[in-house]
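To keep things clear, I will list the structure first and then write my remarks on it.
The values are calculated or read from the model by the stated rules, or taken from the named source; none is laboratory data. Note that the coordinates shown come from a computational prediction; the quantities given were computed from them, not determined experimentally. Glycine gets a Cβ as well: all are built from the backbone with ideal geometry, and neighbour counts include every protein chain shown.
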Amino acid sequence: MNVQDRIKQTVTGNRVVLYMKGSPQLPQCGFSATAVQILKACGVDEITSVDVLADAEVRQGIKEYANWPTIPQLYVKGEFVGGSDIMREMYQSGELQKLLEG
């Protein structure tokens, strides 16, 4: 299975997926830490996280998958949501909470 197929399987097979640097328990960059904090503030307990630092192929492949150049990347129900800045804006407007509830 190639990297794009593995990514697709992960994002479509899990409700909330966060491609990040590090893990939710030990984020390795401020943007990833912010993304985890926002999800926790929304009441998300189950986050499927993928540490892009652990696999260079996934780190590059996820950027191509969504055509989005930065990490972290949030996927909800198989759909790309965005990075930490978009997550913050959606959280502040209440849009992210609605998306995660549904």
* Evaluate the following for MET1: is it modelled with pLDDT under 95 and out of contact with any Leu (no Cβ under 8 Å at 6 or more places or on another chain)? => yes
* So, in the range 3-47, of the ones that are within 15 Å of ILE86 (Cα to Cα) and among the polar types (S, T, N, Q), which residue ends up nearest to the chain's Cα centre (by Cα)? -> SER32
* Structure fact -> Counted residues in the range 45-59 being exposed (fewer than 15 other Cβ atoms within 10 Å of the Cβ), part of a helix (DSSP H, G or I) and touching a residue at least 12 places away in the same chain (Cβ under 8 Å) come to 1
* Asked: So which residues in the range 9-20 are in a helix (DSSP H, G or I) and under 16 Å from PRO72 (Cα atoms), if there are any at all?
  -> THR10, VAL11
* To do: Could you tell me whether the range 4-15 includes any residue that is charged (D, E, K, R), surrounded by fewer than 18 Cβ atoms within 10 Å (Cβ to Cβ) and in contact with a helix residue (DSSP H, G or I) (Cβ under 8 Å, 6 or more places away or on another chain)?
  => yes
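Let's see how each residue does on (1) under 21 Å from GLY13 (Cβ atoms); (2) not small (Gly, Ala, Ser):
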| position | (1), (2) |
| --- | --- |
| SER32 | no, no |
| ALA35 | yes, no |
| ILE38 | no, yes |
| VAL52 | yes, yes |
| THR70 | no, yes |
| ILE86 | no, yes |
* **Total residues in the range 21-44, condition part of a helix (DSSP H, G or I) and in contact with a Ser or Thr (Cβ under 6 Å, 6 or more places away or on another chain)** => 3
* Would you point out the residue of the range 67-102, among those that are surrounded by fewer than 20 Cβ atoms within 10 Å (Cβ to Cβ) and part of a loop (DSSP other than H, G, I, E, B), that is modelled with the lowest pLDDT? => GLY102
